[in-house]
Amino acid sequence: LMALAAAVYLSLMGRNGMRQAAELCYHRAHYAAQRLAALPGYEVLERGPFFKEFVLRCPRPVSEINAALQAKDIIGGYDLGHDYPAMKNCMLLCVTEMTSKDEIDALIQMLNGEFNI
């Protein structure tokens, strides 16, 4: 069923659709990373070029941040500290072509303290 859904999606995207989707992922992820890195207490850990996933070091435990985000129907990042103790307070964020600029901006507003995380 997933293969059929993927085939339909790709056929509907058309000839240039995959490229457009990839460009959206790239630009939106870099927009998010740039804006999040500007927030006090947050740092984007850059270990080279990235496409749609990046690591954000947070000033508080990721579990607390994700709980506050979830309460506002915002999906947070994966808590890397669960699997990598050295990555405590770090979350892996993924931005795809399905992530709107408004959703990114809502995440930024939440983390910027507008909603008292």
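The values are calculated or read from the model by the stated rules, or taken from the named source; none is laboratory data. Here the structure is a predicted model, which means the values were calculated and not measured. Please note: Cβ atoms are built from the backbone with ideal geometry, for glycine as well, and neighbour counts cover all protein chains shown. All accessible areas refer to the heavy atoms of the entire protein, side chains included, with ligands and DNA or RNA removed. Shrake-Rupley method; radii C 1.70, N 1.55, O 1.52, S 1.80 Å.
Give me Rg/Rg_expected for region 35-103, where Rg uses Cα atoms only and Rg_expected = 2.2 N^0.38 Å with N residues.
1.09
Rounded to the nearest 20 Debye, what is the dipole magnitude of the chain about its Cα centre when Lys and Arg each give +1 and Asp and Glu each give -1 at the C-beta?
260
What chymotrypsin sites (Phe, Trp or Tyr not before Pro) in region 1-82 are in a loop by DSSP, with at most 13 other Cβ atoms within 10 Å of the Cβ?
Filter output for region 1-82: 51.
What size of dipole, in debye to the nearest 20, comes out for region 39-102 about its Cα centre when the only charges are +1 on Lys and Arg C-beta atoms and -1 on Asp and Glu C-beta atoms?
It works out to roughly 140 debye.
Please pull out the direction-averaged projected area of the chain, using the convex hull of its alpha-carbon atoms, in nm² to one decimal place.
Its Cα hull, projected and averaged over all orientations, spans 8.6 nm².
May I ask for the distance between the Cα centers of region 82-98 and region 1-70, given as a whole number of Å?
When both Cα centres are located, 11 Å separates them.
Which value at 222 nm does the chain reach when only helices count, each DSSP H run of 4 or more adding -39,500 (n - 2.57), with the total divided by all residues and rounded to the nearest 500 deg cm²/dmol?
-15000 deg cm²/dmol
Roll a 1.4 Å probe over the protein chains and send me the accessible area per residue for the chain in Å².
That works out to 67 Å² per residue.
Loop-only check: which trypsin sites (Lys or Arg not before Pro) in region 1-99 are DSSP coil with at most 16 other Cβ within 10 angstrom?
For trypsin sites (Lys or Arg not before Pro) across region 1-99 that sit outside H, G, I, E and B with at most 16 neighbouring Cβ atoms in 10 Å, the list reads 15, 47, 72, 88.
Counting only protein heavy atoms, what percent of the accessible surface of the chain is carbon or sulfur at a 1.4 Å probe?
The C+S portion of the solvent-accessible surface of the chain is 56 percent.
What's the longest piece of the chain with no exposed GluC sites (Glu not before Pro), counting a site as exposed if DSSP puts it in a loop and it has at most 13 other beta carbons within 10 Å?
By the stated rule (loop sites, at most 13 other Cβ atoms within 10 Å), 47-113.
Quick check: pseudo-label points 7 Å beyond the Cα along Cα→Cβ at residue 78 and residue 16, how many nm apart are they?
Placing both labels 7 Å along Cα→Cβ, they lie 3.3 nm apart.
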